[in-house]
Amino acid sequence: MNRYFLLCLLLIAGYGARCGDTLSIEKALFSRGLGRPVLSPDGKKAAVNVLVTGAPADSLATHIWLLDVQTKTFRQFTNSTKSESDPKWSPDGRQLAFVSARGGSSQIYLIDLQGGEAMQMIQSKADIRSYEWSPDGKSIVYICQEELSDSLKKRRDAKFDENVVGESSRPSTLYRIDVATRAARPILRRNWRISEMKWLPAGDAMLLLTAPLPEEEMPLRKLVRFNLTDSSVKELAAPQHVFFGGFQLSPDGKTAVFIGARTDGPTTHDLFIHHLEGNTYSNITGKSLDRSVANYKFIDAHRMLGLVENGFNDNLYAINDNGEAKPFGPKDNMRSFDVAPDGTLVYVSADFTHLPELYLVQPGGVPVKVSDLNRSIAGIAIAPKIFTYKSFDGLPIEAALYVPAGGAEQAKLPLVTLIHGGPTGSFGNGFFPWVQLLVHAGYAVFCPNIRGSTGYGWDFITANRRDWGGNDYKDMMAGIDYLIKNERVDPDRLGICGWSYGGYMAEWAITQTKRFKASVTGAGMANLASEFGTEGGAYYDQWFWGAPYENLDLFIKHSPVAYLKNVTTPTLIIQGEEDETDPKGQSQEMYRGLHYYHVPCEMVLYPREPHGFRELNHNIDWYRRMLEWFKRYM
């Protein structure tokens, strides 16, 4: 047993010994995440990324594990002080490539399945962004940013490190490595950022998904065919917006599929097919399925398997190239999958009370769990009740209600409403530490998939365009009223919380009603106009609102700061200092306004943290503060 695996077992055992049958913050945060399984060409092995989260910083790493399909054994394959990720099999299945920063920058390594040490394939000073094996296995093509010129390096060393916005982005360069000699040479340099690439089966051309530089405020992606024989580039038909991608090629190379927005945004949703010879593409699932599709793969020239989001669950469907779709295989809630030519299926599954594990289904067989990595919450997590209620206008809204153990016998329960991020997101069938900690602390927790959520069709997703804080807010309040009427909920002890768009809704709600006794908002949006001007990229918000320079009144009308004089609800504000998605200025505006009106409030800034917190101590701290805040005021 290697030291890394032993450490994880000791951490799990240690948490269990300290906590018994209770759920501590540490236990709720600790898990092993499993990435998408990648089957070898012969289907006999599968490589899977395994990521430890919620452990001390020196234990946070991603390593590659291998599943032997015949023996069903699952073991750790790579182990270094740095992470390894993105495993890809050579076409003959004898070698496995992966990316690791064990030498400083992220580079490609190659290891023989017969044994031996991993071999570093290149010596680039720039990080590798993506790579693909050639169909014959003799070479690998990879993407990295252009390296700094010698003169620019000297300027940076002398602290002339200014960043000219819109002009300092370095283009991507495409390199080709000869596997036998490890010699790398550039094969394509354009003023592009390349985000995806796929080989055509003949090995003489590639599909590239590019974005011209400097990027526009509303960036456009271009799909191009790059011919390796003469280095020529041909632009192909593609949507004229940014909300598409994830290309996969059919085995015969005649068609490609991708997911994209049905119109021009705000998120990917439908499955499209691109006929490469005719240079045309069309939406194949918009009418036949009308659900979000992801993680798809061709199983022959005309059929694919894809994960389809339907309400709280993600299930596997077989989809023909004419759009016909029907459920396929196990009914488990899946996170990711891969399928071998003989039909062997490997997938990652999780649900409300179980963290992700790996499962195997061989032809004619039944699913077998082949991993046991996440025992830390076994028998502790509480499952919700899934129900549907009608909103103010009759629109059905699906939601989850968590009730504490023994809560059904209590006279009245305090209720915390949690709103998901997005708004093009949703609550799914999974374990949520935030929710579980609240329900274990004695609160009923309400998680509604209000209009704007994914998993209920395109019209539902776009129903809150130019209307955040409008009908979506009414959906939420209708759900609260439904629970007060039909469940054991105390109408005088209501709380609300959320992160990102959920943080916005927590801020908005307390400006519209005094019914909430406490609010916790993370990475919220207090001022939609200043958010537009300071966030990392505004094209998502622009789809929803347009530009504030042309309709400022609309932005202000839907901004919590415009109504702060109405607030009496004590509010805890959580914010990462390095957040570029919802910058800290948004939280500062909210805090300053609440402070101005003498509303009980507290703002906590966490250094180094982006939009999603990474450091364990910071997560422990803000979860603790959240629980204490609700306890104090509810």
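The values are calculated or read from the model by the stated rules, or taken from the named source; none is laboratory data. Nothing here was measured: the structure is a model prediction, and the numbers come from that model. Here the Cβ is made from the backbone with ideal geometry for all residues, glycine too, and neighbour counts use every protein chain on show. Calculation scope for accessible area: heavy atoms of the full protein, side chains included, ligands and nucleic acids excluded. Shrake-Rupley method; radii C 1.70, N 1.55, O 1.52, S 1.80 Å.
Okay, here's what the table says:
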| item | result |
| --- | --- |
| Leading residue by the ranking (nearest to residue 537 (Cα to Cα)) among those in the stretch 231-273 that are open to solvent by 10 Å² or more (accessible area, probe 1.4 Å) and of a type in the set (D, E, K, R) | 264 |
| Any helices (runs of 4 or more DSSP H) falling wholly within the stretch 531-629 and containing at least 1 residues that are among the aromatic types (Phe, Trp, Tyr) and in contact with a Phe, Trp or Tyr (Cβ under 9 Å, 6 or more places away or on another chain) | 539-545, 548-557 |
| Residue among 536, 522 that is under 26 Å from the mean Cα position of the chain (by Cα), open to solvent by 10 Å² or more (accessible area, probe 1.4 Å) and not charged (D, E, K, R) | 536 |
| Any pair with Cβ under 6 angstrom, 6 or more apart, that starts in the stretch 600-613 at a residue that is under 30 Å from residue 568 (Cβ atoms) and of a type in the set (Asp, Glu) and ends at one that is assigned to a strand (DSSP E or B) and open to solvent by less than 50 Å² (accessible area, probe 1.4 Å) | 602/572; 609/576 |
| Number of positions in the stretch 81-93 that are part of a loop (DSSP other than H, G, I, E, B) and within 16 Å of residue 132 (Cα to Cα) | 4 |
| Members of the stretch 379-426 that are without any contact (Cβ under 8 Å) to a residue 40 or more places away in the chain, open to solvent by 70 Å² or more (accessible area, probe 1.4 Å) and in a loop (DSSP other than H, G, I, E, B) | 405 |
| Test: residue in the stretch 228-245 that is within 19 Å of residue 132 (Cα to Cα) and of a type in the set (A, V, I, L, M) | yes |
| Subset of the stretch 119-149 (residues that are outside any strand (DSSP E or B), touching a residue at least 40 places away in the same chain (Cβ under 8 Å), out of contact with any Pro (no Cβ under 8 Å at 6 or more places or on another chain) and open to solvent by 60 Å² or more (accessible area, probe 1.4 Å)) | 138 |
| Only listed residue being free of Cβ contacts under 8 Å to residues at least 24 places away in the same chain and either among the aliphatic types (A, V, I, L, M) or in contact with a Phe, Trp or Tyr (Cβ under 9 Å, 6 or more places away or on another chain) (or both), chosen from 337, 352, 328, 312 | 328 |
| Sole exception among (1) out of contact with any Ser or Thr (no Cβ under 9 Å at 6 or more places or on another chain); (2) over 19 Å from residue 206 (Cβ atoms); (3) crowded, with 16+ Cβ neighbours inside 10 Å; (4) of a type in the set (Gly, Ala, Ser) for residue 116, by number | (3) |
| Residue match in the stretch 155-170 (condition: closer than 30 Å to residue 202 by Cα, modelled with pLDDT of 70 or more and in a loop (DSSP other than H, G, I, E, B)) | no |
| Residue among 43, 103 that is touching a strand residue (DSSP E or B) at 6+ places or on another chain (Cβ under 9 Å), crowded, with 18+ Cβ neighbours inside 10 Å and in a loop (DSSP other than H, G, I, E, B) | 43 |
| Residue in the stretch 337-360 that is open to solvent by 80 Å² or more (accessible area, probe 1.4 Å) and within 21 Å of the chain's Cα centre (by Cα) present | yes |
| Residue among 305, 249 that is closer than 24 Å to residue 193 by Cα and either charged (D, E, K, R) or more than 19 Å from the chain's Cα centre (by Cα) (or both) | 249 |
| Every residue from the stretch 572-584 that is buried (at least 17 other Cβ atoms within 10 Å of the Cβ) and out of contact with any helix residue (DSSP H, G or I) (no Cβ under 6 Å at 6 or more places or on another chain) | 576, 579, 581, 582, 584 |
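Let's see how each residue does on (1) in a strand (DSSP E or B); (2) in contact with a Pro (Cβ under 7 Å, 6 or more places away or on another chain):
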site	(1), (2)
272	yes, no
277	no, no
342	no, yes
357	yes, no
